[in-house]
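The values are calculated or read from the model by the stated rules, or taken from the named source; none is laboratory data. All values reported here derive from a predicted model rather than from experimental measurement. Cβ placement follows ideal geometry from the backbone for every residue including glycine, while neighbour counts extend to all protein chains displayed. To get the accessible areas, we keep the full protein, side chains included, count just its heavy atoms, and leave off ligands, DNA and RNA. Shrake-Rupley method; radii C 1.70, N 1.55, O 1.52, S 1.80 Å.
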Amino acid sequence: MSTLIKNKEVIQKIKDALQEIRPFLEADGGNINFIELTDDWVVKVELTGACRSCSISMMTLKNGVEVAIKNAVPQVKDVVEVSSK
């Protein structure tokens with residue numbers, strides 16, 4: 001299997017994991033966008049809406065988002081928020 005196809009499959013799994021948790025973020029007025037998967041298996045996301053300024057957004061990121069992504073793609077080493085503020 002080519003690397004490009006494999007990467008597309010991995011990225012789709014990450015996006016699917018984000019889609020599963022999105023309703024919880026939207027319920028609180030927030031959302032999340034996938035930005036990229038780096039070569040060293042770090043997923044970059046952007047928290048938007050209420051999630052961007054929420055005092056517990058980093059807890060949400062690590063205990064919710066990161067867990068969901070790592071369950072879908074165990075090779076992921078970290079999930080980081082890259083705000084475009």
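Selection of first residues in region 33-54 that are touching a residue at least 24 places away in the same chain (Cβ under 8 Å) and of second residues that are open to solvent by 70 Å² or more (accessible area, probe 1.4 Å) and of a type outside the set (Ser, Thr, Tyr), restricted to Cβ pairs under 7 Å at least 6 apart or on distinct chains, gives the following pairs, ordered by first then second residue: Asp40/Lys77; Trp41/Gln75; Trp41/Lys77; Val42/Lys77; Lys44/Ile35; Lys44/Glu36; Val45/Ile35; Glu46/Ile35. Residues in region 70-85 that are in contact with an Asp or Glu (Cβ under 8 Å, 6 or more places away or on another chain), open to solvent by 40 Å² or more (accessible area, probe 1.4 Å) and in a helix (DSSP H, G or I): 0 in all.
Looking only at residues that are of a type in the set (Ser, Thr, Tyr) and not in a loop (DSSP other than H, G, I, E, B) in region 54-66, which one is surrounded by the most Cβ atoms within 10 Å (Cβ to Cβ)? Checked region 54-66; the qualifying residue surrounded by the most Cβ atoms within 10 Å (Cβ to Cβ) is Thr60.
So that you can scan it fast, the table gives a plain yes or no per residue for (1) open to solvent by 50 Å² or more (accessible area, probe 1.4 Å); (2) outside any helix (DSSP H, G or I); (3) of a type in the set (Ser, Thr, Tyr):
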site	(1), (2), (3)
Lys15	yes, no, no
Pro23	yes, no, no
Ile32	no, yes, no
Ala68	no, no, no
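Residues of region 43-52 include none that is at pLDDT below 85 and surrounded by fewer than 13 Cβ atoms within 10 Å (Cβ to Cβ).
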